[in-house]
Structure formats: C-alpha cells, structure tokens
Amino acid sequence: MGFKPANNIQDLQYFGEFGGVNPSISDATTFTFTSAKTMSDTFEGNSEGCHLYARHTTPSNLYLGEALAAMEGTETATVFGSGMGAITAVLMQLCAAGDHIVSSRTIYGGTYAFLKNFAPKLNIKTSFVDITRLDRVETAITPNTKVLYCEAVSNPLLEVADIKKLSALAKKYNLKLVVDNTFSPLSISPNELGADIVIHSLTKFINGSSDTIGGVVCGTQDMIDSLRSVIDGAGMLFGSTMDSRPASSILKNLRTLHIRMKQHSTNALYLAEKFENDGITAVYPGLESHPSHELFKSMMNTEYGFGGMLSIDVGRLENANALMELMQEKNLGYLAVSLGFYKTLFSAPGSSTSSEIPEDEQKAMGLSHGLIRFSIGLDNDIERTYQEMKACMKTVGVLS
Ligand SMILES: *Cc1c(COP(=O)(O)O)cnc(C)c1O
C-alpha cells in the first residue's frame, strides 16, 4: 500500500496571521460579515470559507479537522467535544426511528451502553455480533439495517475487523460502514480499506497527553456537511462541539503522533513477546499466536507497528488487582482508564471500562476477570520495564 498518513499530515502548513509557525487560536464564538447577503448564504451552507458561529465551525477546528482528514485519507472531517460526541452524532445522523444497526459486540463500553440502553428509547435497535465471523454479520442484517459498526482493533480484546470484507458486505446491502479507529491511528487506515466513515476519540493516542478530550468524524464532504447542517445536523444540533483552544492544542500534539506510535508499538511488541515467552497469556495483534495477526499485517501501514494496546490474563480479579497495585507502587505505570499516554496505563476492563457489558455477555465474548488491559507507554528502556514487571508478577504469584 502506498498510503502515507504521516506525510499527508506533515505536508499541511498553517501559519498564524503574523507569520507564527502555529496557526493563531481562534478567539471568537461569532464572526462578522461585511454584507448581509453573505450571512444568509452562510446559513444556507453555500458560503465557502465563511464562519458563522463556533458551534458550527471555527478556523482552529477546521485546521485540526483537515489534518485528521489528511491522516485518514478522507475528503474532509469535523471535530467534536469528545469521542462519544462524535459517535452518537454519526449514529443519530444515519439512523431514524425503526432503523437497525449491526455492531461488533466488543466495542468501547460507552458506545455499547449507548446502542444497548439509549438508542432503543428512540426505537433504534442494535444486533451485537462477533465481528470476526462474517457469516454472523451477514445473517444479522435486516431490511431496516442502516449501519455496520465496529472498531478497527477492538476494546478491550484487541479483535481485528476485516475492513475490506466488511466494506464489501456494506456495499452489497447498501449500509454505511462506520469504523472507530481510536486504537490504531496511522497503523490502520480504514478509509483506504473501504470504510465510509472513520471516527476517533482524540482523547487517546492522537492527543497523547491525557489533558484534553475530543473526537473526530472523517468522511465525505456530503457526510460532514450533513452533520454540520443548521437544519438537521446532529453535530450542529446536539452541540457536542469542540472549542478552539483544545483544537489548537490537539493539532500541535498530532505533529508528533508518528514518532509516538512507533515507540508505543515497539514497546508493546517487546513486552508481549517476553510475557508470552514466560508463559503469561498475552493478547497482542503483533504476536503470531493472535488469531488476527495475519489480517492485521495485511491491513497495516507497516512502519507504525501493531499499536500500543496489550492485554494479559492473570486468571482472577484478585491477581489482576494485586499486580496493578504493585506495578503502580513501583512506578511502572498508573492504575487508570484511558490510553495513549506517555506513561503506561492499566486497568481490569471487566470491572471498569467494560462494566457496562453484563456479566454473562462478558463471559460469552471471552472477557475474563483476570484480564488486564495495558496502554504501553513511551519508556526509553523497555528491557528495564520488562524486568521490573516480571518481578512484580513473581511477587504476586502469577509467575513462578
Ligand atoms: C475512549 C474511547 C471512546 C470514547 O471517547 P471519549 O473521547 O472518551 O468520549 C470511543 N471509542 C474508543 C475505542 C475509545 O477508546
């Protein structure tokens, strides 16, 4: 594949109005018009380059959106106040009462809770399927299905979606394939593989400093215009908009994403191989033992690796808790949800980020209580980290 997401970002230049090397932060929620006619045209959405009101667009948000569209190879993009703000806006834009969604069953807990508990109140129903079983995906499609929803690499089990094949299914049944690419920025480019809409929580790897919440929807100009429509756009009307200051801050962090992703991936692969070698059950798409290893390889932009997310199974919740507490005490990382930070973060998804998923369903999808999800940090000396983690595993008795 000749797709070069980091080059595409790097080639975009934006300057401040005094020649600043970063674009100025747009410090206004409303914009003046030199003629009344331009204002009414802008309301109707036909005035290129004019800003109306900050819930619609701001220069800072457009810069960030264009950079993310360049990364994903889509026509354009629009940013949101959070990943959930982006996801809910897209689903509400694509679906009306009576419509149906086919979704992967292993998705972010918040997305799952929205589809399972909230959307049915609007008479939008979802069938949750094992996304790695295309026959099951196809069987779940009904005449009312509008959306096929998945994560490129799923939370927290790191299942990999076959985006090309899912895209073929979506085309066959005239559905929109929506892919949440939060776990695999740069590594996987879903639009290149046939996804219609690509979403990220910017809060994670893309921002990378665990200080700002944000989301993005990347897609065609038509799709993005519909989200921003003042008449019936879910982005515009729900108001889950990003403010200009975070947009400016995230854009600066996006400039180093390629370097960070390489280091996250290198470190995660190093630990996954060592843990597996020690006899610990490790789940990482870069391991040959991972059921989707070959699939990931066939889809990836090789230089960014298999990503920074790694799970291990230490059997019981008590083991997981003891290990996480000890690793935190030894300064190997923080017991915290979220991902993409410079520091390693770990949590036990069964009792935290995936606790929205009922116990029996957790069991059916293979989510064990002893599972620890790691977002591997940018440690310079990963061998030292490994040795110290191994010592912790021995102390709590999950390794002899
Ligand atoms: C965190 C996350 C979200 C939600 O994003 P927020 O920015 O927290 O609203 C969605 N999908 C995935 C895969 C995530 O990890």
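Of all the listed residues (GLU303, GLU356, GLU383), the sole one being of a type in the set (Asp, Glu) and either outside the structural domain of HIS264 (by TED's automatic domain parsing) or part of a loop (DSSP other than H, G, I, E, B) (or both) is GLU356. Hey, any hits in segment 266-279 for a residue that's buried (at least 23 other Cβ atoms within 10 Å of the Cβ) and within 17 Å of the chain's Cα centre (by Cα)? No, the conditions are met nowhere in segment 266-279. Counting only helices (runs of 4 or more DSSP H) that sit completely within segment 129-244, those holding 2 or more residues that are within 16 Å of the ligand (Cβ to nearest atom) correspond to 234-238. Restricting ARG136, ARG55 to those that are touching a residue at least 60 places away in the same chain (Cβ under 8 Å) and of a type in the set (D, E, K, R) reduces the list to ARG55.
MET92: modelled with pLDDT of 95 or more, open to solvent by 30 Å² or more (accessible area, probe 1.4 Å) and within 12 Å of the ligand (Cβ to nearest atom), yes or no? Judged against the criteria, MET92 is not a match.
When we screen PHE341, PHE374 for residues that are at pLDDT 95 or above, closer than 16 Å to ALA282 by Cα and either within 16 Å of the ligand (Cβ to nearest atom) or open to solvent by 50 Å² or more (accessible area, probe 1.4 Å) (or both), the only hit is PHE374.
Take TYR304 and decide whether it is within 26 Å of GLN387 (Cβ to Cβ), touching a helix residue (DSSP H, G or I) at 6+ places or on another chain (Cβ under 6 Å) and of a type outside the set (A, V, I, L, M). For TYR304, the condition - within 26 Å of GLN387 (Cβ to Cβ), touching a helix residue (DSSP H, G or I) at 6+ places or on another chain (Cβ under 6 Å) and of a type outside the set (A, V, I, L, M) - is not met. When segment 195-214 is filtered for residues that are more than 17 Å from MET84 (Cα to Cα) and open to solvent by 20 Å² or more (accessible area, probe 1.4 Å), the ones remaining, listed by number, are ASP196, SER209. Cβ-Cβ contacts under 9 Å between residues 6 or more apart (or on different chains), taken from a first residue in segment 76-104 that is in the same structural domain as SER154 (by TED's automatic domain parsing) and under 21 Å from ASN174 (Cβ atoms) to a second residue that is part of a helix (DSSP H, G or I) and within 11 Å of the ligand (Cβ to nearest atom), are listed as LEU91/THR111; LEU91/PHE114; SER103/THR111; SER103/TYR112. Quick one: in segment 350-371, which of the residues that are among the aliphatic types (A, V, I, L, M) and in contact with a helix residue (DSSP H, G or I) (Cβ under 7 Å, 6 or more places away or on another chain) is surrounded by the most Cβ atoms within 10 Å (Cβ to Cβ)? Applying the filter and picking the extreme gives LEU371.
For segment 309-317, the condition holds for at least one residue, the condition being that it is touching a residue at least 12 places away in the same chain (Cβ under 8 Å), within 14 Å of the ligand (Cβ to nearest atom) and either aromatic (Phe, Trp, Tyr) or not assigned by TED's automatic domain parsing to the domain that holds ASP211 (or both).
The values are calculated or read from the model by the stated rules, or taken from the named source; none is laboratory data. Since this is a predicted model, take the numbers as computed values, not measurements. Reconstructed Cβ throughout: ideal geometry from the backbone, glycine too, with neighbour counts over all protein chains shown. Ligands, DNA and RNA are excluded from the accessible area calculation, which covers all protein heavy atoms including side chains. Shrake-Rupley method; radii C 1.70, N 1.55, O 1.52, S 1.80 Å.
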